[in-house]
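Data block below; observations after.
The values are calculated or read from the model by the stated rules, or taken from the named source; none is laboratory data. Fair warning: this is a prediction, and the values are worked out from it, not measured in the lab. Here the Cβ is made from the backbone with ideal geometry for all residues, glycine too, and neighbour counts use every protein chain on show. These accessible areas exclude ligands, DNA and RNA; they are computed on the full protein's heavy atoms, side chains included. Shrake-Rupley method; radii C 1.70, N 1.55, O 1.52, S 1.80 Å.
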Amino acid sequence: MTGLDSTKFGKYGGQFVPEVLMPALSELTEQYEKYKDEPGFNKELDYYLRDFAGRPSPLYHAKRLSREYGIKIYLKREDLVHGGAHKLNNTLGQALLTKYMGKKRIVAETGAGQHGTACAMAGAAFGIPTEVYMGYKDTQRQRMNVYRMELMGTKVNPVKSGSQTLKDAINEAMRDWVANVEDTHYLIGSVVGPHPFPTMVRDFQSVIGKEVRGQIMEKEGRFPDSIVACTGGGSNAMGIFHPFVEEDVDLFAVEAGGTDMKVTEKEAFHSASLCTGEDGVLHGARTMILQNKYGQILESSSIAAGLDYSGVGPELAYLAETGRLKPRHSGDAEALEAFHDLSRLEGIIPALESSHALAYVKQAAASGELGDIVVVNVSGRGDKDLETVRGMMK
Amino acid sequence: MRIYEKFRQLKARKEGALIAYICAGDPTPEATKEYVTALVRGGADIIELGLPFSDPVADGPTIQAGIERALAGGMTPDVYFKTVASLHLHIPLVVMTYYNLIFKRGIEKFAKDCVSSGISGIIVPDLPPEESGELDEVCRDNGIDLIFLVAPTTNEGRMKNILAKGTGFIYLVARLGVTGARADVALSTKELIERVKTKTPKAVGFGISNGRQASEIIAAGADGVIVGSAFVDIIAKGGDVAGKLEALARELKEGTRSP
Ligand SMILES: Cc1ncc(COP(=O)(O)O)c(C=O)c1O
């Protein structure tokens with residue numbers, strides 16, 4: 001179930017892709033299986049995670065925020081990872097695997113531009129030509145990230161089809177992969193897509209949760225009562241949750257509530273696929289999806305580009321179904337408020353994505369649902385969002 | 001009409017099949033009726049009618065645009081089956097769509113709707129044999145052909161499995177990449193035709209746009225050609241669409257007759 005022997009998590013996951021890609025998925029599964037526990041590969045990955053990415057990231061006791069929200073809060077500082085988000089953990093892993101597999105080129109999709117930036121960094125560090133597809137709408141709202149990627153030698157292709165956001169960028173990256181599968185690796189940015197991506201990305205991101213285990217034991221002598229992470233595709237969430245799935249710790253996946261928890265025939269005013277979506281198949285996997293009664297995918301919406309996605313990783317759908325993980329949501333306005341809280345009280349400007357996790361802590365602390373000690377994954381820093389936030393405050 | 005009957009007929013006449021794709025509802029359901037009629041007049045042997053999905057990952061820009069026009073024109077699965085039922089074709093019609101629309105409608109219901117509207121086969125580009133178990137069974141129970149794709153990257157092990165499962169015809173993906181018209185015939189296409197050893201008819205798609213290519217592909221041993229983007233492109237350009245569709249169908253059909 002959590003290994004590579006099955007392509008599914010319960011009924012979710014699988015490999016719903018064009019035949020052209022099936023051999024590449026088997027090859028990737030085989031190669032990943034071969035290297036994932038291989039000492040040489042892991043030694044090299046650990047080296048890059050430490051000396052290039054700056055790991056381990058600190059676990060910080062946010063005293064003033066704790067006082068304000070009324071619960072003891074630890075922040076897992078993924079915002080301090082090189083590039084400003086957790087995304088590099090995964091791109092270093094997959095780019096290294098690309099090198100070991102002997103593939104010559106990387107393609108990727110990006111929403112906020114954080115994953116694209118992390119691809120650009122890993123691509124440059126390993127000398128692998130990298131191309132990133134990004135929804136045109138996202139290139140407009142995340143201009144700095146486009147420029148960052150270009151500086152690092154990555155080609156950014158704006159995608160003008162469909163809703164011009166993350167789901168369309170994934171469609172386009174998959175089309176590129178279909179056409180160039182023999183020499184190209186598709187470096188997917190979250191725990192989504194066909195097997196083995198959800199498992200592999202989760203494993204590469206699990207470094208977050210593994211560090212938290214040691215760090216919280218050192219500081220508290222016990223595990224936290226709860227862990228809260230924002231959830232778009234679900235990679236920072238699975239990364240911090242996975243090492244705690246077997247422990248007595250409550251796991252909260254906070255999705256983007258957008259402006260309203262409503263949907264029309266064509267769009268959702270939020271991105272809460274775990275909370276409100278329905279069983280379906282998107283981007284190679286069976287999972288929970290925002291869709292209309294016919295199965296057409298709805299355009300999602302959020303102030304945080306990185307959460308603006310109509311699907312979610314299949315393992316999260318499975319863990320939510322079994323009750324192990326609790327899906328929640330917080331909206332644009334609440335996220336903005338938490339964004340300001342953390343900036344003002346702690347001198348840490350969080351990504352708007354991560355602000356959703358903080359907003360949920362603020363909302364739920366008083367209910368007791370989170371217990372006495374909570375770890376919040378600060379998946380990224382907010383520098384990329386300053387323009388958006390300033391625009392909203394006017 | 002069942003697909004195998006059509007291929008048997010054509011074989012007796014020493015012809016390859018012309019399988020013509022357009023997207024239902026592009027740009028309106030009424031236009032689809034007119035266009036299908038034009039394709040049949042031009043000599044299409046099988047109609048492949050796309051049921052548009054919002055996220056068509058296997059399709060290139062031309063067909064994506066057709067799908068967007070169709071969705072904007074109000075095409076839904078309900079309207080689709082109504083439109084198909086009103087066509088009263090004397091040749092086989094197959095539906096091409098993505099798995100989520102089938103899954104969401106309910107596999108049983110989808111199959112029943114196919115039967116009652118006169119559809120003979122289903123093509124699902126994002127459903128490899130590994131995931132097709134349920135649909136496969138329901139198709140068999142209902143006498144519908146589930147048509148599988150093979151690609152230049154398909155290795156021998158997978159090939160065996162697909163050929164054992166596929167009914168109606170085997171869809172040979174001519175080249176790596178998404179749908180879209182191209183001028184030449186790739187060497188890999190001819191190699192693939194040789195590699196696919198089966199009694200089930202083989203039809204080649206992706207990139208075919210003219211009579212010369214059709215003729216070359218039939219000469220290389222294929223039993224049919226599948227043409228989509230070249231037709232959808234005619235719809236996109238407008239003007240005397242029906243006339244131009246008929247003319248291109250005629251040219252392609254001529255190609256399948258004279259290898
Ligand atoms: C800072 C940050 N957090 C979270 C996410 C959401 O992705 P995931 O749910 O895979 O962690 C993104 C995506 O771009 C991001 O940039």
Of all residues in segment A:43-65, count the ones that are over 22 Å from the mean Cα position of the chain (by Cα) and in a helix (DSSP H, G or I).
-> 7
Taking A:A169, is it under 15 Å from A:G111 (Cβ atoms), at the interface with another protein chain (Cβ under 10 Å from one of its Cβ atoms) and among the aliphatic types (A, V, I, L, M)?
-> no
By residue number, the members of segment A:75-91 that are near the ligand (Cβ under 10 Å from one of its atoms) and either within 14 Å of chain B (Cβ to nearest Cβ) or in contact with a Pro (Cβ under 8 Å, 6 or more places away or on another chain) (or both) are A:D79
Residue check: is A:E337 away from the ligand (no atom under 14 Å from the Cβ) and either crowded, with 24+ Cβ neighbours inside 10 Å or part of a helix (DSSP H, G or I) (or both)?
-> yes
Residue list for segment B:136-184, filter: facing chain A (nearest Cβ under 9 Å) and open to solvent by 20 Å² or more (accessible area, probe 1.4 Å) = B:L149, B:P152, B:T153, B:N155, B:R158, B:R175, B:L176, B:V178
Pick from segment A:267-281 the residues that are open to solvent by less than 10 Å² (accessible area, probe 1.4 Å) and in contact (Cβ under 8 Å) with a residue 40 or more places away in the chain: which of them is nearest to the other protein chains (Cβ to nearest Cβ)?
-> A:V281
Members of segment B:193-210 found to be crowded, with 19+ Cβ neighbours inside 10 Å, of a type outside the set (S, T, Y) and within 24 Å of B:P61 (Cα to Cα), listed by number | B:A203, B:V204, B:G205, B:F206, B:G207, B:I208
Filter segment A:282-317 for residues that are of a type outside the set (G, A, S) and either facing chain B (nearest Cβ under 8 Å) or more than 16 Å from the ligand (Cβ to nearest atom) (or both) and give the result.
-> A:L282, A:H283, A:R286, A:I289, A:Q291, A:N292, A:K293, A:Y294, A:Q296, A:I297, A:L298, A:E299
Flag if A:R344 is at pLDDT 95 or above, open to solvent by 10 Å² or more (accessible area, probe 1.4 Å) and under 21 Å from A:P56 (Cβ atoms) | no
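Listed here are the residues, each with its yes/no results for (1) of a type outside the set (G, A, S); (2) within 12 Å of the ligand (Cβ to nearest atom); (3) touching a Ser or Thr at 6+ places or on another chain (Cβ under 9 Å); (4) away from chain B (no Cβ under 14 Å).
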site	(1), (2), (3), (4)
A:S66	no, no, no, yes
A:G70	no, no, no, yes
A:G93	no, no, no, yes
A:K104	yes, no, yes, yes
A:A108	no, yes, yes, yes
A:G113	no, yes, yes, yes
Which pairs have Cβ atoms under 7 Å, sit 6 or more apart or on different chains, and link a residue in segment A:107-127 that is open to solvent by 10 Å² or more (accessible area, probe 1.4 Å) to one that is more than 14 Å from the ligand (Cβ to nearest atom) and part of a loop (DSSP other than H, G, I, E, B)?
-> A:M121/A:M152; A:A124/A:M152; A:A124/A:G153
What residue, of A:I227, A:I208, A:I216, A:I240, is more than 13 Å from the ligand (Cβ to nearest atom) and closer than 24 Å to A:L352 by Cα?
-> A:I227
